[in-house]
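Engineer: Let me give you the structure first, and then I'll get to my questions.
Since every read-out is calculated from the coordinates, none of them should be taken as a lab result. What you see is a predicted model; the values in this text were computed from it and never measured. Note that each Cβ is placed from the backbone with ideal geometry, even for glycine, and that neighbours are counted across all protein chains shown.
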Amino acid sequence: MDLITYALLNKKISNVKDTIDNLTIQDTELPEAIGGVSTLEINTEYYLGTQTELNLAFPTSSASAGDWVFVCFIAGTDAIIELDNNCVGDVDAELETGKTYEFLVTYNGTNWVVSYLCY
């Protein structure tokens, strides 16, 4: 193998490593709850299935502006969701049973801003 081919292959391998390092983490379980609250990891997608109660917190000490968390779940009977006090955004207090909810929560440098869909 000549030096030019070696350099090109090495660059491609480096690019693949960078891509792998930047992949989104997907999880089907919440982090272990502490005091009934699960603190979510930044830049992570959570697909949780049917839920009746979610009490979620978002990290601030490790977050940078532009960081995000995505949470998707189906509301069970009498489902409720509580978000910690560093979140801003309008979230319905009463969730509709059987509906799918997708929350995209982004950090603006001060607060976590909640946007969501229900379908």
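Engineer: Distance in nm between label sites at N85 and N55, each 7 Å beyond Cα in the beta-carbon direction?
Structural biologist: Label at N85, label at N55, 1.5 nm between them.
Engineer: Once label points are set 7 Å from the Cα along Cα→Cβ at both E45 and A65, what is their separation, rounded to one decimal in nm?
Structural biologist: 2.7
Engineer: List the residues, sorted by chain then number, that are 5 or more residues from T39 or on another chain and whose placed amide H is less than 5 Å from its amide H.
Structural biologist: So T39 has HN proximity to I34, A57.
Engineer: Report the local net charge at A79: Lys and Arg +1, Asp and Glu -1, summed over other residues whose C-beta lies under 10 Å from its C-beta.
Structural biologist: Cβ neighbours under 10 Å give a net charge of -3.
Engineer: Sticking with the crude label model, points 7 Å out along Cα→Cβ, report the distance from T77 to L104 in nm, one decimal please.
Structural biologist: Once both label points are built, they end up 3.4 nm from each other.
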